[in-house]
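The values are calculated or read from the model by the stated rules, or taken from the named source; none is laboratory data. Remember, it's a predicted structure, so these values are computed and weren't measured experimentally. Heads up, the Cβs are rebuilt from the backbone with ideal geometry, glycines too, and the neighbour counts pull from every protein chain shown. Accessible surface is based on the protein model in full, side chains and every heavy atom, while ligands, DNA and RNA are left aside. Shrake-Rupley method; radii C 1.70, N 1.55, O 1.52, S 1.80 Å.
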Amino acid sequence: MNTKNFKLFDRGDSWYELCFDQPDSKANVFTEEALRELDSVTEELSKRKDIIGLVVTSAKKDIYIAGADINLIKDLDTIDKALTACSAGQQMIHRFSKLPFETVAAISGACLGGGFELALACKKRVASDARAVKIGLPEVMLGILPGFGGSTRLPRLVPLPTALDLILSGKQVDGKRAFKMGIVDAFLPEQDFNERAIAWAKQNINRSGRNVHTFMTRLMEMVPLRGVVFSQARKQVMKTTKGKYPAPLKILDLLAEIHGLQMDEALKREAKAFSQLAVTPISKRLIEIFQLTEGVKKTNGVSDEVKATKVERAGLLGAGVMGGGIAWAFANKDIPVRMKDLNWDGIRLGYEQAGENFGFALKKRKLTKPQFLGKMGMISGSLDYSGFRNVDVVVEAVVENMDVKKKVMAETEKYISENCILASNTSSLSITEMQSAVSRPQNVGGLHFFNPVSRMPLVEVIAGEKTSKETVATLFELSKKLGKTPIVVKDGPGFLVNRLLLPYMNEALFLYEEGVSIERIDQVMLDFGMPMGPMRLVDEVGIDVAAKVAKILNQAFGARAEASPVSEEIVKSGRLGKKNGKGFYKYENGKPTAVDESIDALVKSRTTKSARLSDLDLVKRMTYPMINEAALALAEGVVATPGEVDLGMIFGTGFAPFRGGLLRYADSEVPQQVAEALEKFSQAGGGERLAPNQALREIARKGFFYSGR
Ligand SMILES: NC(=O)c1ccc[n+]([C@@H]2O[C@H](COP(=O)([O-])OP(=O)(O)OC[C@H]3O[C@@H](n4cnc5c(N)ncnc54)[C@H](O)[C@@H]3O)[C@@H](O)[C@H]2O)c1
């Protein structure tokens, strides 16, 4: 009964182990072949009268079953095809669920999507305490829903709020949490797990599965209360997605619809709902983003021949806003980090910053008190370079001033080992120029984290002219180890993300000067899907900082980066944005309360020129300049691929993920039409600032940013 993917072992006492071991792969994934084989094994097993029980295990380290093959889902282009494919897989798992003997899933690794749906089709589940255990249904993050029976089975296993929470958020839980939630029936040590799981299964055969439905949750099954649960969940979904993502809303409709239905009918409706979502462009865009991030995991940013150095200890210069966040990132991954600042006040700030993040995890029970203390213990501080001799990397996060940075780097070099890498967190200064201050420039690179470090997933790894490939690879691997998504970026003004974001913020300021209200500018971009309107973003970054960066880019790029005079004019009046509580918005306790209309009188140059532009034209005026600049950045090799631009913009600025990133959006708008619209804006007064550049024209001539469309 053995197949390529599945092996059956006799475990005595009429018990069998079915081990999933996909050939030539580190993971087990439900490919078409694996599913077909599972079905044929199920068929054979169903005929056996001698079997008492079957334990489903995995031969892979850290992975149980990672889910269904994502390419299969990506290729589904009609509802009919999607329905056929989903129903076929779902029925295979459903047939497995009907095996006439005990079935137990033994989970000691990632058990996600289709993998968890198979586990749900088993009569019982056990999980190990291995760190690698991650159980969840992440389908919603790909714009779809669990369609192999998961949407139907999970709400029958655990209380409705628990099921909704898991399916709507796509969150993954470890074995202990899964046990507490009632998803698994036992929680066993990692060592010899498969043996333990089989022994447990034999011992507990006559016991029914755990029942975590309390009186309260039974009560919740009553119609009026269930309605309340659904309406609360819908409110929450609308709050977090602003209705831009169809999958969570469809999940809510489906779960309400199938409650109490016969299993077969519920499964039919589940497959139908899946197929409707699977063909949406939003799902395709979300799958592409997922594949881009998976791609990052498989590279070191350079090439396989280049070896990265493992970072086991780190040093940090400047324990301010960014320094504290970066110290947290190291400690969070158990890398000891030594902070150095000019005074103890600075060090205290760094501790506070890191402590706040760990404190939050403690409050949310993601860390225990001893774990919290252990993490904080990873961070130490000093006013000199003691302890720097043994570190593998030093991240510099001192003030944004080239002379200071050069001085600090030259000094640091004297206290670190020969191979130690020196990385700057600068957001705008040249890495190549910093290299001129040291004797080992090959060890210097940029490591640009975004603020706040704990929440922003992107890191730009910047290669200066003399940065070695090993340095780039080490910084790339380090970023991944810190849980971030890195992209390799060529040195240059604004690197990638700020270079593209600035034209957007700048254009918002021009529109404001041309008579469009702050509220309207922000609202159209929120409706577009940005996490924050550009005027609020200027406040957030600091009106003075935005003005300074705009000036730097203007000097570097000339007329095409003409800076709006509005921010300088406003800064002169003493408004700096959120940090001093005075900006385009009014603030109370650091939170914006309303647009501050009194600001209009400060901008003497304000006209009414663009006040009547349509919402769509406003969106184009603000987003097309980013596309224009991205075309140029790609042509200059700032990053190598459109995918990296999209990763950068989604993870560095929150650019609407459902649009697939800036350049997927550009392709959906059609580059030719983007160029034509820019030409019109240019002629209507935007001049060189809004004129389509040669690189964009070239792409427009060829078709699209992404090939193979
Ligand atoms: N704040 C942001 O949003 C952000 C985002 C990305 C990158 N950055 C970059 O990060 C760097 C730090 O910015 P920040 O906002 O954290 O600044 P900050 O002013 O909060 O912190 C700077 C810290 O450096 C210390 N310092 C100054 N000179 C030093 C020296 N010679 N040795 C040791 N410490 C010294 C200061 O005492 C202060 O604690 C800058 O290069 C900035 O451009 C900032």
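Counting only residues at least eight positions apart within a chain, or on another chain, the aspartates and glutamates with an alpha carbon under 15 Å from that of residue 134 are 62, 117, 174, 190. Listed by chain and number, the lysines whose C-alpha is less than 16 Å from the C-alpha of residue 49, apart from same-chain residues fewer than 8 away, are 98.
Of the residues 187, 360, 658, ranked by 1.4 Å probe accessible area with the largest first, the sequence reads 360, 187, 658. With a threshold of 30 Å on the Cα-Cα distance, the over-threshold entries among 490/609; 74/250; 124/244; 406/551; 298/548; 310/591 are 490/609; 124/244; 298/548; 310/591. Atom-type composition of the exposed protein surface of the stretch 520-562 places 56 percent of the accessible area on carbon and sulfur (1.4 angstrom probe). Ordered by 1.4 Å accessible area with all protein chains kept, 624, 245 run largest first as 245, 624. A Förster distance of 30 Å, applied to the separation of the beta-carbon atoms of residue 265 and residue 44, puts the FRET efficiency at 0.60. The stretch 474-493 and the stretch 349-369 have Cα centres separated by 25 Å. Here residue 384 sits with roughly 80 square angstrom of accessible surface, probe radius 1.4 Å.
Helix content alone sets the calculated 222 nm mean residue ellipticity of the chain: runs of n ≥ 4 DSSP H residues at -39500 (n - 2.57) each, divided across all residues, give -15000 deg cm²/dmol.
Gap in Å between the Cα centre of the stretch 304-343 and the Cα centre of the stretch 23-50? When both Cα centres are located, 46 Å separates them.
Calculated accessible area for the chain comes out at 44 Å² per residue, all protein chains present (probe 1.4 Å; ligands, DNA, RNA ignored).
Taking only the C-alpha atoms of the stretch 427-583, Rg followed by Dmax gives 17.4, 53 Å. Look at where the Cα atoms of the stretch 391-445 and of the stretch 495-566 average out, and the two centres are 30 Å apart.
Across q = 0.05, 0.06, 0.09 Å⁻¹, the chain modelled as identical point scatterers on its alpha-carbon atoms has Debye log10 I(q)/I(0) values of -0.28, -0.41, -0.91, in the order of the q list.
Charge dipole of the stretch 14-95 (Cα centre as origin; +1 on each Lys and Arg Cβ, -1 on each Asp and Glu Cβ, all else neutral): 260 debye, rounded to the nearest 20. Sorting 129, 617 on solvent-accessible area from highest to lowest, probe radius 1.4 Å, gives 129, 617.
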